[in-house]
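Working notes, beginning with the structure itself.
The values are calculated or read from the model by the stated rules, or taken from the named source; none is laboratory data. Please read these numbers as outputs of a predicted model, since none were measured by experiment. Cβ coordinates were reconstructed from backbone atoms using ideal geometry, including for glycine residues, and neighbour counts include every protein chain displayed.
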């Protein structure tokens with residue numbers, strides 16, 4: 001595993017729901033899970049993650065997120081809100097981001 005966010009396979013909008021985006025994390029790929037999440041959030045927010053701070057660390061420890069699903073058996077998931085987005089990360093590598101008008105304080 002590496003940390004090259006340029007290798008993120010990209011973000012797709014769910015065909016059945018507007019404002020729902022999906023990305024995939026490959027644990028055998030070069031990008032760290034936290035980098036995939038940050039890149040996906042930046043893409044939804046239409047900002048450059050190299051020049052804009054995405055405050056993921058204010059909501060969840062990126063190192064803990066990276067290690068959360070390493071060699072995990074069974075199903076696990078983490079959900080958190082950042083930048084007005086709901087982020088769901090699953091142990092099978094799926095990342096879902098929902099753009100909803102919700103305060104980060106909820």
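Once the range 18-30 is narrowed to residues that are part of a loop (DSSP other than H, G, I, E, B) and touching a strand residue (DSSP E or B) at 6+ places or on another chain (Cβ under 8 Å), the residue that is modelled with the highest pLDDT is 25. The selection criterion, being buried (at least 19 other Cβ atoms within 10 Å of the Cβ) and either at pLDDT below 90 or farther than 14 Å from residue 99 by Cβ (or both), does not hold for residue 11. Here the condition is being buried (at least 17 other Cβ atoms within 10 Å of the Cβ), in a helix (DSSP H, G or I) and in contact with a helix residue (DSSP H, G or I) (Cβ under 7 Å, 6 or more places away or on another chain); of 44, 37, it holds for 37 alone. Residues in the range 53-80 that are loosely packed, with under 14 Cβ neighbours inside 10 Å and under 16 Å from residue 28 (Cα atoms) were compared, and the one that is modelled with the highest pLDDT is 70.
Across the range 47-56, the number of residues qualifying as more than 18 Å from residue 13 (Cβ to Cβ) and touching a helix residue (DSSP H, G or I) at 6+ places or on another chain (Cβ under 9 Å) comes to 6.
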